[in-house]
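Read the structure below first, then the notes.
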Amino acid sequence: MIRGVRGATTVTEDSNELVLQETRRLVEEMAKSNGILPEDIASVIISTTTDITSAFPARAVRGIEGWAYVPVMCTHEMNVPGALEKCIRLLMHVNTTKPQQEIQHIYLNNAVQLRPDLLK
């Protein structure tokens, strides 16, 4: 069965290094918390708020050892007034036998305010 694993993080500034560092940290934490291997992943969609333009977060994913062939796509979030700034959101489609309620969704930095109901 394919399940969606959600995650999000924020950066303090729009810099190439920080965007890649925080994206990698998020992906690695999502994989570790859910026992995900690259071969389990059908695809990954990454969105950023429109104030992030310094780097493609997908580069961080492809740079993780063993993840070079994971299909990854980047896009921008809707530009909604009052939305969380400098935010990177990630949706990982994973083949798993885990029930929906056992999926660990990961929110880091200021993104913890997006889904406090999913944090454990």
Problem - Charge dipole of the chain about the Cα centre (unit charges at C-beta), most positive-ward option of 73, 55, 16 - result: 73
Handout entry: Taking N as its residue count, the alpha carbon Rg of the chain over 2.2 N^0.38 Å
Key = 1.00
Handout entry: Karplus-derived HN-Hα couplings along region 32-40 (A = 6.51, B = -1.76, C = 1.60, θ = phi - 60°), whole Hz, x at Gly and Pro
Key = 4, 5, 10, x, 8, 9, x, 6, 7
Handout entry: Relative contact order %, the chain, counting alpha carbon pairs below 8 Å whose residues are six or more apart
Key = 43
Fill in the blank from the handout: As a percent rounded to 5, the proportion of antiparallel DSSP bridges among beta bridges in the chain is 70
Fill in the blank from the handout: Mean-square fluctuation maximum in Gaussian network of the chain, Cα pairs under 10 Å, restricted to 91, 18, 37, hits 37
Completion exercise
Zone reached by a paramagnetic label modelled 7 Å from residue 98 Cα along Cα→Cβ, restricted to region 27-62 with backbone N below 16 Å, covers 27-44
Problem - Listed residues 30, 92, 73, most fluctuating in the chain (Gaussian network, C-alpha, under 10 Å) - result: 73
Completion exercise
Karplus-derived 3J(HN,Hα) from phi for region 77-91 (6.51 cos²θ - 1.76 cosθ + 1.60, θ = phi - 60°), whole Hz, x at Gly and Pro, runs 6, 4, 8, 8, x, x, 5, 4, 8, 6, 10, 10, 10, 9, 10
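Every read-out reported here was derived from the displayed coordinates using simple, explicitly stated rules and does not represent laboratory data. Just so you know, these numbers come straight off a predicted model, no measurement behind them. Glycine also receives a Cβ, built like all others from the backbone with ideal geometry; neighbour counts cover every protein chain displayed.
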